[in-house]
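Chemist: Structure below; questions to follow.
The values are calculated or read from the model by the stated rules, or taken from the named source; none is laboratory data. In this text the structure is predicted, and so the values were computed from the model without any measurement. FYI the Cβ positions are ideal-geometry reconstructions off the backbone, even for glycines, and counts take in every protein chain you see. Just so you know, the surface numbers come from the protein's heavy atoms only, side chains and all, with ligands and any DNA or RNA stripped out. Shrake-Rupley method; radii C 1.70, N 1.55, O 1.52, S 1.80 Å.
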Amino acid sequence: MADCLFCNIIAGKIPASVVYRDADCIGFDDIHPAAPVHVLFVPKRHIDGVSTLTEADRETAGQLLLAAATYARSKGLEAAGYRVLANVGAGAGQTVFHLHVHLLGGKHLRGRGD
Ligand code: 5GP
Ligand code: ZN
């Protein structure tokens, strides 16, 4: 989508610190990190968000989680623990309407909010 920030990052039209790539997804550093590791994983194909997922997106949704897990494993984040989350809808803090999960790690994460 031409006016989508993450589609433009995927297309290389807007710069980002890309730390992960596979056939279906990319991961790049969040511009306002909330933890020492804060990577956004996004599918290359535009989907608005979790709330608009359909059966046709089953594989893409799985690949997105797998991308986050693969990156976390490669960075040795498992021992200390890390968080994978998605904000769904403006009321929950979603600001970019291209499906993404946040990977947060590299510091002690307390319960739910933190
Ligand atoms: P959301 O609030 O939709 O769950 O997450 C969107 C995230 O995108 C936010 O954490 C925000 O800091 C990040 N973000 C917004 N604009 C940019 C940008 O231009 N580049 C990068 N790398 N991250 C961005
Ligand atoms: Zn998009």
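Chemist: State all residues of segment 71-98 that are of a type in the set (Ser, Thr, Tyr), over 23 Å from Cys4 (Cβ atoms) and not in a loop (DSSP other than H, G, I, E, B); if no residue qualifies, say none.
Modeler: Matches in segment 71-98: Ser74 only.
Chemist: Among the residues of segment 29-53, which ones are open to solvent by 60 Å² or more (accessible area, probe 1.4 Å), under 24 Å from Leu109 (Cα atoms) and of a type outside the set (A, V, I, L, M)?
Modeler: Selection gives Asp29, His32, Pro33, Pro36.
Chemist: Check segment 98-105 and report whether any residue there is open to solvent by 50 Å² or more (accessible area, probe 1.4 Å) and either charged (D, E, K, R) or within 16 Å of ligand 1 (Cβ to nearest atom) (or both).
Modeler: no
Chemist: Right, here's the next one. Considering only residues of segment 27-54 that are away from ligand 1 (no atom under 11 Å from the Cβ), in contact with a helix residue (DSSP H, G or I) (Cβ under 7 Å, 6 or more places away or on another chain) and without any contact (Cβ under 8 Å) to a residue 40 or more places away in the chain, which is farthest from Arg73 (Cα to Cα)?
Modeler: Filtering segment 27-54 for residues that are away from ligand 1 (no atom under 11 Å from the Cβ), in contact with a helix residue (DSSP H, G or I) (Cβ under 7 Å, 6 or more places away or on another chain) and without any contact (Cβ under 8 Å) to a residue 40 or more places away in the chain, the one farthest from Arg73 (Cα to Cα) comes out as Arg45.
Chemist: Any idea which residue in segment 85-97 is least open to solvent (accessible area, probe 1.4 Å), counting only those that are touching a residue at least 24 places away in the same chain (Cβ under 8 Å) and among the β-branched types (Val, Ile, Thr)?
Modeler: Out of the qualifying residues, it is Val96.
Chemist: For segment 55-92, what are the residues that are more than 16 Å from ligand 1 (Cβ to nearest atom) and farther than 18 Å from Tyr20 by Cα?
Modeler: Within segment 55-92, Glu55, Ala56, Asp57, Arg58, Glu59, Ala79, Ala80, Gly81 qualify.
Chemist: Related question: Quick one: how many residues across segment 29-49 are within 14 Å of Val101 (Cα to Cα) and within 14 Å of ligand 2 (Cβ to nearest atom)?
Modeler: Final tally of qualifying residues: 9.
Chemist: With the requirement that a residue be buried (at least 16 other Cβ atoms within 10 Å of the Cβ) and within 12 Å of ligand 2 (Cβ to nearest atom), what does segment 9-28 give you?
Modeler: Hits for segment 9-28 are Ile9, Ile10, Ile26.
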